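Take a look at the structure set out below.
The values are calculated or read from the model by the stated rules, or taken from the named source; none is laboratory data. This is a predicted model, so every value here is computed, not measured. Quick reminder, even Gly has a Cβ in these numbers, built from the backbone with ideal geometry, and neighbours come from all protein chains shown.
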Amino acid sequence: MRLSQILDENGAKIVCATDEAGVSRKLAGVADIRSLALAAIDAGSTIPAVIADKISDEKVDLAKALDENRILAPIDHEDPAHVFVSGSGLSHKSWYEQEKVHHGADKSQWPDHFKTLELGHSGGKPAPGEFGAQPEWFYKGNGQILIPPGGAVEHPFYGDGPGEEAEVAGIYIIGPNREAYCIGYALGNEFADEQMYFKNVYHLAQSKKRQVSLGPELLVGALPKDISARITLHRKGDVQWQADFKTGEDNMLHSLANIEAHYFKYRDAYIPGDIHVLYFGNAVMSTEQGEVMEDGDVFELECAVFGLPLVNSIKFGDAFDTPETKGLW
């Protein structure tokens, strides 16, 4: 089952559910996916059970809504300050396999990023109920940075050079009982300033403070362990670059449980009603293969598991005056 938030043809926000046959139907009386999740928690039930009670006979043409830019991000909050977007990196086996051939047995000579990859390789999948190796983690921003499917992610004028990061993201909500619940998973473009990071790894935090996007459909249920996907860079109507990649736990250094445990071990995260979007890391990047992004480039992320593709263009932002604070004295 997959969920989407869209604007209907009259401009009203609705939620629809898409079944395994690809048929999408409106959920009656459901304002948004966050409310649906809270209803399941309050009832001591599950999202599929609530969907079964709310599903209507009204069909929704989701592909048409995407073409008409009426699909919204699959999660939101009336106050975007209560949406926390972050990510985990250096999490996939593809990077470890690529890097290990360049580094010998002398650990004192290993660069920090390979040390992090090795930590995941040796300890990223602990036994249930235990902490494993700590994965890389970074903060992206609040709900204001979530760009809807089909929208343009902005590369600010003060950046060095943007790039896509094709990933899967977990979507979580904190219940009234201060427990963390996983709503589901979505395709994600964890857009970042990769040239800034390549120039100086200590600017990782700044390089990650960029807009992001989530796919049109949110998968409700366990994430498959072996997922095939494709990322394509379109430039002026032509394919500039393309790569197939694998994700899911079978292709990762860390288990999802380990990534989640290290994120939610910080108790200040447990504010009832808050939303957490956690990107799980990429397996391939165009910029790592030499591509340089241009204004107007379009990225398309396709994966059958998640239904409709995630498409975002890149726009180069205008310059603005240097911010200044005002003293209150």
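Numbers for the structure displayed
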| read-out | value |
| --- | --- |
| Residue count, the stretch 146-185 (criterion: under 27 Å from S255 (Cβ atoms) and in contact with a strand residue (DSSP E or B) (Cβ under 8 Å, 6 or more places away or on another chain)) | 20 |
| Residue count, the stretch 80-119 (criterion: outside any helix (DSSP H, G or I), modelled with pLDDT of 75 or more and touching a helix residue (DSSP H, G or I) at 6+ places or on another chain (Cβ under 8 Å)) | 8 |
| Residue that is nearest to Y181 (Cα to Cα) [pool: residues in the stretch 241-257 that are under 16 Å from the mean Cα position of the chain (by Cα) and part of a helix (DSSP H, G or I)] | L256 |
| Condition met for F131 (surrounded by 18 or more Cβ atoms within 10 Å (Cβ to Cβ) and either outside the structural domain of I47 (by TED's automatic domain parsing) or in contact with a Leu (Cβ under 9 Å, 6 or more places away or on another chain) (or both)) | no |
| Verdict on D76 being of a type outside the set (V, I, T), out of contact with any strand residue (DSSP E or B) (no Cβ under 6 Å at 6 or more places or on another chain), surrounded by 17 or more Cβ atoms within 10 Å (Cβ to Cβ) and outside any helix (DSSP H, G or I) | yes |
| Filter result for the condition that a residue is in contact with a strand residue (DSSP E or B) (Cβ under 6 Å, 6 or more places away or on another chain) and either part of a helix (DSSP H, G or I) or outside the structural domain of I227 (by TED's automatic domain parsing) (or both), over V305, V311, V277 | V305 |
| Within the stretch 51-73, tally of residues that are buried (at least 21 other Cβ atoms within 10 Å of the Cβ) and either acidic (D, E) or touching a helix residue (DSSP H, G or I) at 6+ places or on another chain (Cβ under 6 Å) (or both) | 1 |
| Count - residues of the stretch 41-65 that are touching a residue at least 24 places away in the same chain (Cβ under 8 Å) and out of contact with any strand residue (DSSP E or B) (no Cβ under 8 Å at 6 or more places or on another chain) | 3 |
| Answer from P162, P135 - the residue that is closer than 26 Å to K246 by Cα, touching an Asp or Glu at 6+ places or on another chain (Cβ under 8 Å) and at pLDDT below 95 | P162 |
| Residue check for D76: on the phi < 0 side of the Ramachandran plot and more than 23 Å from the chain's Cα centre (by Cα) | no |
| S4, sole failed condition from (1) in contact with a Cys (Cβ under 6 Å, 6 or more places away or on another chain); (2) over 23 Å from I275 (Cβ atoms) | (2) |
| Whichever residue in the stretch 223-233 is in a strand (DSSP E or B) and out of contact with any Ser or Thr (no Cβ under 9 Å at 6 or more places or on another chain) and, among such residues, is farthest from W95 (Cα to Cα) | T232 |
| Test for P135: is it touching a Ser or Thr at 6+ places or on another chain (Cβ under 6 Å) and closer than 30 Å to D274 by Cβ | yes |
